[in-house]
Amino acid sequence: MPGFLKAMARNPRLLFGQSNLFLLSHMRANTSLFGHVLGSHPEIEGYYEMHIGYYSWRSLWRQKLLYFADHEAKPRSHIMFDKLLHNYCVLAPQLLARPTSTVIMMLRAPGRSIQSIASLYRNKEPDHPHADPVNAAQYYVERLGELQRMAPQLAGSFYYLDAESLVDTPDQALAGLSRWLQLATPLSSEYQVFENTGKHQCGDSSEAIRSGKIVRSRNSYDEIQVPEQPLQQAERAYRQCRDEMLRLCANRGDQPG
């Protein structure tokens, strides 16, 4: 509580005047990179996944209490950011419908996503089911199914971004998003390295995230082989989910803002 009160004293707009920005995506979709880019902007608070659900307006207060227990408030911030990558993190429809809520949906193609999920768990938690690429593929399919289910609730009001564009065409991707968010200054491909950057359970723990800038690097994941059947299932889920998002989104990252 002292940290929260200090944050509110530093920036009273966070008490009642803030808006909420939610990234709905899946693991290993460049979401840690994206969170750092967003969280480095002076108008945005938050950069890592908080692993909480959002059930009512009380959850929005809980987010602030938890976040500002460990972080100083920025003087100009007015947007609270969090990313939700798992189906157990609920985001209630009434919160999505709030005029102060903004949603970005982002997908990454399944091949490297599934390989990256399995590789992450093999290195950090080798006994976890997701260390098996078949289980990693199942998570991917189930998560995209939930995102596809949520998309009609947000029809015409969310921004869609291909995760690959953050690395392949960052200037274009960030310029369009900056316009969509109506930020006073544009998002930058260079970002801050924070206290929790690279820590376990706080997103990407690779050395790349500590570079402080978007770099085009590719891990081969040659040691991770995804069986054909679950990969094909994941590819179908990706095509269906992406097509639905492109049909329903208000704007997309490869078009002018």
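The values are calculated or read from the model by the stated rules, or taken from the named source; none is laboratory data. The model shown is predicted, which means the values in this text are computed figures rather than measured ones. Virtual Cβ from ideal backbone geometry, glycine too; neighbours counted across all protein chains shown.
For the criterion of being crowded, with 16+ Cβ neighbours inside 10 Å, of a type outside the set (Gly, Ala, Ser), in contact with a helix residue (DSSP H, G or I) (Cβ under 8 Å, 6 or more places away or on another chain) and part of a helix (DSSP H, G or I), Leu65 fails.
When Tyr238 is tested against the conditions (1) at pLDDT below 95; (2) buried (at least 18 other Cβ atoms within 10 Å of the Cβ); (3) farther than 22 Å from Glu43 by Cβ, the lone failure is (1). The residue that is farthest from Ser116 (Cα to Cα), among those in the range 4-25 that are touching a strand residue (DSSP E or B) at 6+ places or on another chain (Cβ under 7 Å) and in a loop (DSSP other than H, G, I, E, B), is Gln18. Residues that are in a loop (DSSP other than H, G, I, E, B) and either out of contact with any Ser or Thr (no Cβ under 6 Å at 6 or more places or on another chain) or under 16 Å from Ala109 (Cβ atoms) (or both) within the range 222-255 comprise Asp222, Glu223, Ile224, Gln225, Val226, Pro227, Cys249, Gly253, Asp254, Gln255, listed in sequence order. Is it true that some residue in the range 94-108 is under 13 Å from Tyr55 (Cα atoms), in contact with a strand residue (DSSP E or B) (Cβ under 7 Å, 6 or more places away or on another chain) and not small (Gly, Ala, Ser)? Looking for residues that are under 13 Å from Tyr55 (Cα atoms), in contact with a strand residue (DSSP E or B) (Cβ under 7 Å, 6 or more places away or on another chain) and not small (Gly, Ala, Ser), one finds at least one in the range 94-108, hence yes. Summed over the range 147-182, the residues that are of a type outside the set (S, T, N, Q) and loosely packed, with under 15 Cβ neighbours inside 10 Å give a count of 7. Scoring Thr185 on the criteria (1) polar (S, T, N, Q); (2) modelled with pLDDT of 95 or more; (3) exposed (fewer than 13 other Cβ atoms within 10 Å of the Cβ); (4) more than 26 Å from Thr100 (Cα to Cα) leaves a single failure, condition (4).
Can you tell me which condition Glu195 does not meet? The list is (1) under 18 Å from Leu107 (Cα atoms); (2) part of a loop (DSSP other than H, G, I, E, B); (3) of a type in the set (D, E, K, R), and all the others hold. That leaves (1) as the condition not met.
Okay, residues lined up against (1) within 30 Å of Ala237 (Cα to Cα); (2) over 19 Å from the mean Cα position of the chain (by Cα); (3) of a type in the set (Gly, Ala, Ser):
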site	(1), (2), (3)
Tyr54	yes, no, no
Trp61	no, yes, no
Ala69	no, yes, yes
Ala92	yes, no, yes
Thr100	no, no, no
Leu107	yes, no, no
Ala131	yes, yes, yes
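Criterion applied to Ser32, Ser19 was being touching a residue at least 60 places away in the same chain (Cβ under 8 Å), surrounded by fewer than 19 Cβ atoms within 10 Å (Cβ to Cβ) and not hydrophobic (A, V, I, L, M, F, W, C), and the one residue passing it is Ser19. Among residues of the range 89-101 that are more than 23 Å from Gln182 (Cβ to Cβ), those with a Cβ under 8 angstrom from a residue that is of a type in the set (A, V, I, L, M, F, W, C) and surrounded by 12 or more Cβ atoms within 10 Å (Cβ to Cβ), sequence gap 6+ or separate chain, pair up as Cys89/Ile52. Just one of (1) assigned to a helix (DSSP H, G or I); (2) closer than 27 Å to Gly39 by Cβ; (3) more than 19 Å from the chain's Cα centre (by Cα) fails for Asn219. It is (1). Within the range 68-97, the set of residues being surrounded by fewer than 17 Cβ atoms within 10 Å (Cβ to Cβ) and hydroxyl-bearing (Ser, Thr, Tyr) comprises just one member, Tyr88.
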